[in-house]
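Report on one structure; see the data block that follows.
The values are calculated or read from the model by the stated rules, or taken from the named source; none is laboratory data. Only a predicted model underlies this, so the values are computations on that prediction, with no experimental measurement involved. Counting neighbours? That spans all protein chains shown, and the Cβs are built from the backbone with ideal geometry, glycine included.
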Amino acid sequence: MKYKTIQTLMLPDSEEENYGLYYQGTEGVRLIGGEEKSLYIPENGNVELFTYFNGFYPKQWAQYAELNGLHVKVTVSGSCSISLCHTDGKRTVVNGEEECLAGDEERTVTFEVPDPQHSKVFWISVKGLKQGGYLRNITVQTEVERLQEVNLAVVICTCRREKEVIGNLERISRMDIKERPEIFLIDNGNTLTEDMVPEWVHLVPNRNCGGAGGFTRGMIEALKDPAFTHVILMDDDIILNPDVLRKTGYFLSAVKKEWQDAPLGGALIERDIPWKQFECGAFWNRGKIQGCGQNLDLRRKDSLLKNTKVQNWEYGGWWYCAIPVSAIREKGLPLPLFIHRDDIEYGIRLGKLMTLNGIGVWHEAVIKKLPQMGEYYDIRNMAIVNAIHYDDWDSLQWKKFLIKWVAGNLLRGRYSYIYLNICAMMDFLKGEKWLEKTDGVEIHAKVAARVPKLQKTGHTEKNVFYTTPDVSVYTAAKKKHIVYEDSAGFCLKADKNLPETIRLSIYLLLALRKTDRYFEKSRESYRRNWKKLITEEFWNKYLEIDKNE
């Protein structure tokens, strides 16, 4: 038996980036930057670590990991009083308190955690004495008999977002070289050069077959090295604290055998409301997506406890998702869906998902963007996913979904999107052989040609309703002239008129008649043949890997 570190103190780069998710304290508590970050607690000040990143949640951990006794090491300097606190959700108990008058020298205090299985969370509280004290580190350890060896490969798919991805690489570069994972940067835009990225990054130019193609290429590259145990798929435009990578490794090393084939999904925290959780695991529901833990204020203690509830999630988004290599080898590679629903299908295929407080990244919420190409891919790929995974999914369910979707666009006046919706219907009806044999880049070019051009515009026109992309259909239905403006300031103008509404409604009815004729044949073709599309042989040809090497 030996002690294994499973969590350490996490701090932001600046006080402005704390958001109440790392620490919460009284006036005068401040972050000390530098290579070894710490917190200063002034005399009579107090800092609490019952937070998203620094609380420890034994019941949540115990669902997935081996916890055989826990102890906590707290390293401080200066003058302070340290307490170990825990709660069962109803009352808070202080288990130990110790004064430290360490002066300039560091001192480490160890607390044993009593009955961790009965605590929903435990945390450290520090009070400043005399001239104040410094919290240097907190290390949570557990006794383990066997550790799972963890060797992470991070796959970042990027396309013409040089600034964002280089910013994330710079943050990762601050990690200790012994803890820093291998990075595979898949460049779908082919705009990056070796001199633009650190030498320890594997830069892989790739054919632009969307996020599905980029992440799959990263998996293929990582699978070449038998030393890797997990592949972390990560968006290029997230905001990542690299300590999340470290915590991911700690957690995965202690996972129980029955969960070692499960991915670990990171939460999406909204970038513009940086304490609001958009999603932590989700249910597909055959296309009626239900995100879990939505709208939780992660500064609140009750929200953090709600967020520890384990559910049978169907998938985790690929903004941050750690997938075991053993699962990739067993289940195959993703489907060539280009963008959207590729992570959903793969999650359903894997059949498990773990989530954990403190494993999360900041990213723009999807609903704050105008859907654009998603109006094609969301519909086509929804049908493909359901055809593959649900034997009882039939044409009636499909038509109800389509009618509701297109009706929503009609009532919102977003006529240009309806052409994309109907193209998606028609392409699904072409069956699996069409998806297998048709160049994904060619399909994307045709879709892009139908996507409406967005504009930058101010709120200047009279009698125009300016709103966000996620406005209620009931609100939009009452307006004749609408401008939809997304979080980046791009706008889509929608002017309703009766002749176009009638014409598009007829177009939909004709498409539904074709659905009656070809649905069964198309669905069966995907159900029988989809496994052709998840092999390395298929993807090597699809991405033209052999041609480029």
Which residues, counting only those in the range 208-225, are of a type outside the set (Gly, Ala, Ser) and under 14 Å from residue 328 (Cβ atoms)? 215, 216, 217, 219, 220, 221, 223, 224, 225
Which is in contact with a Lys or Arg (Cβ under 7 Å, 6 or more places away or on another chain) and surrounded by fewer than 17 Cβ atoms within 10 Å (Cβ to Cβ), of 302, 297? 297
With the condition kept exactly as written, say whether any residue in the range 286-303 is among the small types (Gly, Ala, Ser) and farther than 21 Å from residue 369 by Cβ. yes
Sole residue being assigned to a helix (DSSP H, G or I), in contact with a strand residue (DSSP E or B) (Cβ under 7 Å, 6 or more places away or on another chain) and either surrounded by 19 or more Cβ atoms within 10 Å (Cβ to Cβ) or modelled with pLDDT under 90 (or both), chosen from 140, 165, 126: 165
Going through the range 510-523 in order, the residues found to be out of contact with any helix residue (DSSP H, G or I) (no Cβ under 8 Å at 6 or more places or on another chain) and touching a residue at least 12 places away in the same chain (Cβ under 8 Å) are 518, 521
Whichever residue in the range 229-281 is of a type in the set (Lys, Arg) and surrounded by fewer than 18 Cβ atoms within 10 Å (Cβ to Cβ) and, among such residues, is farthest from residue 141 (Cα to Cα): 257
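Each row is one residue, and each column tells you yes or no for (1) over 24 Å from residue 538 (Cβ atoms); (2) free of Cβ contacts under 8 Å to residues at least 60 places away in the same chain; (3) not hydrophobic (A, V, I, L, M, F, W, C).
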site	(1), (2), (3)
216	no, no, yes
229	yes, no, yes
248	yes, no, yes
254	yes, no, no
258	yes, yes, yes
270	yes, no, yes
The condition from (1) of a type outside the set (A, V, I, L, M, F, W, C); (2) touching a Leu at 6+ places or on another chain (Cβ under 8 Å); (3) at pLDDT below 85 that residue 79 misses is numbered (3)
Residue 434 passes all but one of (1) among the aromatic types (Phe, Trp, Tyr); (2) under 24 Å from residue 471 (Cα atoms); (3) surrounded by fewer than 19 Cβ atoms within 10 Å (Cβ to Cβ); which number fails? (2)
Could you look through the range 347-386, keep only residues that are among the small types (Gly, Ala, Ser) and surrounded by 23 or more Cβ atoms within 10 Å (Cβ to Cβ), and pick out the one that is nearest to residue 237 (Cα to Cα)? 360
Report yes if some residue within the range 339-354 is in the same structural domain as residue 188 (by TED's automatic domain parsing), closer than 26 Å to residue 273 by Cβ, of a type in the set (Gly, Ala, Ser) and in contact with a Ser or Thr (Cβ under 9 Å, 6 or more places away or on another chain); otherwise report no. no
Of the listed residues (94, 74), the one being part of a strand (DSSP E or B) and buried (at least 19 other Cβ atoms within 10 Å of the Cβ) is 74
Quick check on the range 406-431: of everything there that is in a loop (DSSP other than H, G, I, E, B) and of a type in the set (Lys, Arg), which residue is farthest from residue 348 (Cα to Cα)? 414
Quick one: count up the residues across the range 177-212 that are surrounded by 16 or more Cβ atoms within 10 Å (Cβ to Cβ) and out of contact with any strand residue (DSSP E or B) (no Cβ under 8 Å at 6 or more places or on another chain). 6
Between 121, 109, which is in contact with a Phe, Trp or Tyr (Cβ under 9 Å, 6 or more places away or on another chain), of a type in the set (Val, Ile, Thr) and modelled with pLDDT under 95? 121
Mind listing whichever residues of the range 366-400 are under 28 Å from residue 453 (Cβ atoms) and aromatic (Phe, Trp, Tyr)? 376, 377
In this structure, does residue 301 turn out to be more than 17 Å from the chain's Cα centre (by Cα) and without any contact (Cβ under 8 Å) to a residue 40 or more places away in the chain? no
Which numbered condition in (1) surrounded by fewer than 18 Cβ atoms within 10 Å (Cβ to Cβ); (2) outside the structural domain of residue 398 (by TED's automatic domain parsing); (3) of a type in the set (A, V, I, L, M) is the only one that residue 454 fails? (2)
Determine if the range 470-483 includes at least one residue that is of a type in the set (Gly, Ala, Ser) and under 29 Å from residue 208 (Cα atoms). no
Taking the range 345-364 and keeping only residues that are in a loop (DSSP other than H, G, I, E, B) and under 12 Å from the mean Cα position of the chain (by Cα), one is left with 355, 359, 364
Hey, any hits in the range 338-346 for a residue that's more than 21 Å from residue 527 (Cβ to Cβ), hydroxyl-bearing (Ser, Thr, Tyr) and either surrounded by fewer than 21 Cβ atoms within 10 Å (Cβ to Cβ) or touching a residue at least 12 places away in the same chain (Cβ under 8 Å) (or both)? no
Among the residues of the range 497-521, which ones are of a type in the set (D, E, K, R) and either in contact with a His (Cβ under 7 Å, 6 or more places away or on another chain) or within 16 Å of residue 419 (Cβ to Cβ) (or both)? 500, 503, 514
Unique residue being part of a helix (DSSP H, G or I), in contact with a helix residue (DSSP H, G or I) (Cβ under 7 Å, 6 or more places away or on another chain) and among the aliphatic types (A, V, I, L, M) when the list is 403, 367, 388: 388
Starting from the range 314-326, take each residue that is in a loop (DSSP other than H, G, I, E, B) and list its partners that are among the charged types (D, E, K, R), counting only C-beta distances under 6 angstrom and pairs at least six apart or across chains. 317/343; 318/343; 319/235
